[in-house]
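**Student:** Sharing a structure below in structure tokens format, with a few things to ask.
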Amino acid sequence: MKRMNKTNSHLGGFNSGASLGGKVSHYRDKQNIYKQGEPAYTLFYIQEGGVRLTTKTKHQASAVTAILGVHDFFGELCLAGYPLRVSTAVALTASSIRTIKKEKMLQMLRKKNKVSNSLVAYLLSSVKNYRDHVADLLTSSAEQRLARVLLRLAHLDKNRAAVVEIPILSHQVLAEMVGTTRPRVNLFMNRFRKQGFINYDGGLEVHQTLRKVLRSR
């Protein structure tokens, strides 16, 4: 079984994340990390595993707004002054996650060094990724959106590894993230597997060749 690749162009210098300080906690599969509406005094850094963010409005069901992997931050809106969580964070699999106090992170961002530069680059990249995701919903096919979600979770949109293993996600979760139905996700995932773009081997192996789907029309 291939191990998950943990290289990230912005955050590779953090290694284990120890330079960020804070405390590492361990979460079970499907365990809540925080809930929408709770006070937001901290942010989080994923060292192992993955996280799903969902947002619920008053008259609508919960919607998956992000699927995050190793070296991703979440809960960072507290840095912009948001007093409450705007989403619910749930572990996708057994995960090790570092909790960092808001005040500590703001102190790090004010310093002009390698870590602060990496943090700023990551936060700017997060904004771009969110805008790209919104654009994808309007301009890309459901199959292409699914491919992009898998590539982002594996960080294959940021490095040149040939194959990366990620936790297996339910097709319903992927459907909510992509904005389509579970039967269509079933169809696309089977197609990806037959074309050699993905493979199931304990986890879900995502191949760099999946990028070909993004170029097809």
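**Student:** First compute the accessible area of region 76-180 with a 1.4 Å probe, then give the percent of it belonging to carbon and sulfur atoms.
**Tutor:** Whole-percent figure for carbon plus sulfur exposure: 57.
**Student:** A follow-up question, please. Could you tell me the calculated FRET efficiency between R191 and A80, based on Cβ-Cβ distance and R0 = 45 angstrom, to the nearest 0.05?
**Tutor:** Working from the Cβ atoms, E equals 0.65.
**Student:** Order 169-179, 107-117, 31-41 from most to least packed using the mean count of other Cβ atoms within 10 Å.
**Tutor:** Averaged packing, sorted descending, gives the order 169-179, 31-41, 107-117.
**Student:** Shifting gears a bit: Give me the accessible area per residue for the chain, probe 1.4 Å, as a whole number in Å².
**Tutor:** With the other protein chains kept in place, the chain gives 53 Å² per residue.
**Student:** I want the local charge near A147. Using Cβ-Cβ distances under 9 Å, sum +1 for each Lys or Arg and -1 for each Asp or Glu among the other residues.
**Tutor:** +3
**Student:** While we're on this one: Order L84, L156, most accessible first, counting only protein heavy atoms with a 1.4 angstrom probe.
**Tutor:** Listed by decreasing accessible area, they come as L84, L156.
**Student:** What's the percent breakdown of Cα-Cα distances in the chain across 5 Å bins, shortest bin first?
**Tutor:** Final binned percentages: 1, 7, 14, 19, 21, 17, 11, 7, 2, 0.
**Student:** Residues with beta-carbon under 12 Å from that of S19, excluding S19: net charge, scoring Lys, Arg +1 and Asp, Glu -1?
**Tutor:** So the environment of S19 carries a net charge of +4.
**Student:** Mind jotting down the three principal axis lengths of region 166-217 based on Cα atoms? Whole angstrom, largest first.
**Tutor:** 32, 24, 16
**Student:** Helix 142-153 versus the longest principal axis of the chain: what angle, 0 to 90°, nearest 10, using Cα atoms?
**Tutor:** The two axes meet at around 40 degrees.
**Student:** In deg cm²/dmol, rounded to 500, what helix-only [θ] at 222 nm does the chain give when every DSSP H run of at least 4 residues adds -39500 (n - 2.57) and the total is split over its residues?
**Tutor:** When only DSSP H runs of four or more count, the value is -10500 deg cm²/dmol.
**Student:** How big is region 54-160 on each of its three principal axes, counting only the C-alpha atoms and giving the largest first in Å?
**Tutor:** 42, 40, 29
**Student:** In the Gaussian network model of the chain, springs joining C-alpha atoms below 10 Å, which of R193, R131, R98 carries the largest mean-square fluctuation?
**Tutor:** Residue with maximal mean-square fluctuation among R193, R131, R98: R131.
The values are calculated or read from the model by the stated rules, or taken from the named source; none is laboratory data. As the structure is a prediction and not an experimental result, all values here were calculated from the model. Neighbour counts run over all protein chains shown; Cβ positions are idealised from the backbone, glycine included. Each accessible area value is taken on the protein alone, full model and side chains, heavy atoms only, with ligands, DNA and RNA left out. Shrake-Rupley method; radii C 1.70, N 1.55, O 1.52, S 1.80 Å.
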